[in-house]
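Before any comments, here is the structure.
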Amino acid sequence: MDELDDALGDLEDTLKSGDGPVRLNDDGELVISPLTAEDIPAEAEDLHAELERMLPNVPIASLLVEMDRHTGFLDCFTHAGGKQARSPALKRNLIACLIGLSTNLGLHGMAASCGIPYDVLARTAEWYIREETLREANICLVSYHHQLPMTSMFGSGALSSSDGQRFPTRGKSITARHLNKYFVSEGISTYTHVSDQHSTFGTKVIVATHREAHYVLDEILGNATDLPITEHATDTHGVTLVNFGLFALVGKQLSPRIRDLGKITLYRMGAKADNELAQLDEQGHRPLRLLAVDEPGTGQ
């Protein structure tokens, strides 16, 4: 309560100035100025274009081979039955499966384009590529990326953000749901966590009709990479009052981007009479009294 009173006191001081980034308009509505765009010098744009021209066009298969040489991430794809022996062609088959499954090619299209028989790719995918091996491989890549000297130029890895994407599905799925706004038939949502170093350290398939806020902490608490996540940003779908409390309990900071922030109701804690002031401020407004997001229809 003391922290809340201090924060609201600072906010009221800002509102009294009348020309700050947060102010009240003539109708007493909260106005929050948008963040200004970063000013990028023309010299930086020219340097960016020059560096981009210097980068070679690398086939994706060659890139995966190079990544494995540095990180050994293909070794994370272990046999589901515990088989230890690995054929010389296994890494080639794994790379073909990863490309086929992560693009619109599929295994049939990949078999036709690379010459590896479909049954070989199907057997490799069935025995080696599953959720736990994909997660281990991704942990290996993200942790290696975090240690690179240039990566720190993007960020420290302490800040992350998450958002959902929706995809239509075919066939039967216990996760898919009808959602006319996004799908002709049924679809799913993938909820993805990305660090400020531009690495994706967590992805979870969720029911498209579920509130995304329920899954915000999952990949942060389950983070097995070297990323030192301490602060997290979401959009409005990832925000509830419960999430603010949960983040505080686990020592993390939730920094959401809330839609229509100026239209929410703010409250002080305690009895109303304790916060009523007899006099108005210089602009003729009563000091603001709240710090809770009131989401219509949720009761939260």
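In table form, for the structure just shown:
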quantity	calculated
Matching residues in the stretch 121-159 - criterion: being loosely packed, with under 15 Cβ neighbours inside 10 Å and of a type in the set (Asp, Glu)	GLU126, GLU131, GLU132
Scope the stretch 72-94; condition within 14 Å of GLU126 (Cα to Cα) and open to solvent by less than 30 Å² (accessible area, probe 1.4 Å); matching residues	PHE77, LEU90, ASN93, LEU94
Qualifying positions in the stretch 160-188 - open to solvent by less than 70 Å² (accessible area, probe 1.4 Å) and hydrophobic (A, V, I, L, M, F, W, C)	ALA176, LEU179, PHE183, ILE188
GLY18 open to solvent by less than 50 Å² (accessible area, probe 1.4 Å) and modelled with pLDDT of 90 or more	no
Of residues in the stretch 189-198 being within 19 Å of GLU131 (Cβ to Cβ) and surrounded by 19 or more Cβ atoms within 10 Å (Cβ to Cβ), the one nearest to the chain's Cα centre (by Cα)	HIS193
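The values are calculated or read from the model by the stated rules, or taken from the named source; none is laboratory data. For clarity, every value in this text was computed on a predicted model and none was experimentally measured. Cβ atoms come from the backbone with ideal geometry, glycine included; neighbour counts cover every protein chain shown. Heavy atoms of the whole protein, side chains included, go into the accessibility calculation; ligands, DNA and RNA do not. Shrake-Rupley method; radii C 1.70, N 1.55, O 1.52, S 1.80 Å.
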